[in-house]
Structures are given as C-alpha cells and as structure tokens.
Amino acid sequence: MLWIILAVLIVIFFSGVRIIRPTHRGLVERLGKYKKFAYPGFNWIIPLIDRMISINITEQMVDAQPQEIITNDNLNARVDAQVYFKVKDDEVSVKNSQYNVYNYKWQIVNLARTTLRNIIGTLTLKSANSERDKINSELLGTLSKETHSWGIDIVRTELKEIDPPQDVQETMNKVVKAENEKIAALDFANALERQADGEKRAEIKKAEGIKQGKILQAEGEAEAIKLVNEAANKYFVGNAQLLRKLEAVEKSLMGNAKIVIPAGTELVNVVGEMAGVLPLKK
C-alpha cells in the first residue's frame, strides 16, 4: 500500500514539473485565476488544478498579407508589409499580452492592414512609392500606440511591396525608358559638342602657332635687314651702288675660283681691303 501511495506521489510530482526556457516566460493559473509569474528554469504546478501558459518573448514577425488598396489617384495598388514585434519580458506586459487582447498576432495583422489602407489611400501611387520611409514611420507609430496596452513592443515595420496594376506598370516602364533614352541622347550631344569645341580650340592654337612663327620669321628678316643696313651705313657710306657690286662679286665667287675685276675701280680697293691688301692710290 505504501508503495502505491509513493508511486502516485511521484507521478503527481513529475506531472507538475514545468521547465521554462530563457526565451519564454510563464503565467500560472489556478482554477482559471491568475496565480503567479513563472521565470526561466524549473517550475512546479499542481496537476489538474494549475495551468501554465508559456509566452515567447523573442522578436517575431507577422506578414500583413497582400491586399488591394485604392490610391488617391484612383489606382489599385497591391500592398504588402511586415511587422516585427516582441512581448515585453516583465510580468505586467506578459499578462497584458494574454488578458488584454485575444490572439495578438492576428490583431496586429488586421491593425496593420487597416492602417495601410488609411495611409496609402491619401497618397498617389507615385508618392507612395517614393515615400516608403514615411509610410513605414506612420505605420510604426500607429501600431505602437494601439498596442501599448497589449504589452507588445513594435520593433519596426517594413513595406514589402507597392505594385501598380499591370497596364499601369507597363506605362510607367515606357515612361522610364523614354526618360533614359532622352538622358542618353543629351549626354551624346554634349559629348559631340565637347569634342567639336576641343577640335576648334586645337585649330585655333595651331593657327596661332603658325601666325606666331611667321611673325618671328618676319621679325628675324627685319632684324637681318636692319643689321645689313647698319653695316652698309658704317662701312659703305655713300657707296650703296658699290655694295651692290660687291654682293654680285660675292655670289660669283661662290661658284668660281677666279673673277676679273676692272682695274682702277673702287671695287678693287674694297676687295683688297677684305683680303688684307692696301688700297690702290688713284
């Protein structure tokens, strides 16, 4: 008899053992009434009298499910979002998640869907696509406010997609393609203009170089003429005609070993002086 009683007690004891993981918290109810809060580790409840509810306190995600929303410009947009949340780990919050709301995951999904309809319904399709951060911020603010009494912490919201109808999408793609082609054409025209401008500047530089070269050549020739004139004025004052004759003799001597010069002329004296011979007396 004692062994039977002992066996029953052992069965009852092990039947009431509850192990809570670090990722969970527990609520112990006794005959339908809240009794105590269960922390991670070993816990024991009275079988058939007590009941333990285990609540996950890690971050979780629910999908708001795709839905058709009419935008402010009367277009049907397919919208989907994800909500990340977690139950706060203190006793009051865990109790609120069970006693202040029925199935908080389902409630969050429906609240997110309703909030998205209210937000996107005031926007055009174009502005909804360009203001995703604003939509996420408003959705996060509304969900945080509405779930405050549920013991829920809304971590973040992510707008998953905003897809327009197929015909509208095709039109938008054509517009984007046309804009890209326009930009490419402008870039090509600008490139050609820059190339032509560069070639023009190169031609101008080339012409300026030729002009400068001719100016320098002309200045060199003028300087040479000036030096010749100065030499003529210094050594042959009043004998310009004789200078011309001497130049003729010089050109002749370049191709001939001999040249006959009439005697008794000034040219003989000039040639003699150049050769180091005393001039002839008249």
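Couple of notes before you dig in:
- Residue pairs, from the table Lys88/Lys134; Lys33/Lys160; Lys182/Lys211, whose Cα atoms sit over 32 Å apart: Lys33/Lys160; Lys182/Lys211
- Between Glu223 and Ala191, the simple spin-label model (points 7 angstrom out along Cα→Cβ) gives 4.8 nm.
- Hypothetical label at Ile12: residues of the range 32-67 whose amide nitrogen lies under 17 Å (7 Å Cα-Cβ projection): 44-51
- Fewest-first sequence of Leu125, Leu216, Leu143 by Cβ atoms within 10 Å of each Cβ: Leu216, Leu143, Leu125
- Shape category assigned to the range 60-164 from the gyration tensor of Cα positions, a/c cut at 1.5: prolate
- Amide H contacts of Arg18 (H built 1.01 Å from N, under 5 Å, at least 5 apart or other chain): Asn43, Trp44, Ile45
- Peptide ranges 22-34, 127-139 listed from the most packed, as the mean C-beta count within 10 angstrom indicates: 127-139, 22-34
- The distance linking the range 88-155 with the range 14-67 is 24 Å (Cα centroid to Cα centroid, whole angstrom).
- Shape category assigned to the range 97-137 from the gyration tensor of Cα positions, a/c cut at 1.5: prolate
Every read-out reported here was derived from the displayed coordinates using simple, explicitly stated rules and does not represent laboratory data. Just so we're clear, the structure is a prediction, and the values are computed from it rather than from any experiment. Cβ atoms come from the backbone with ideal geometry, glycine included; neighbour counts cover every protein chain shown.
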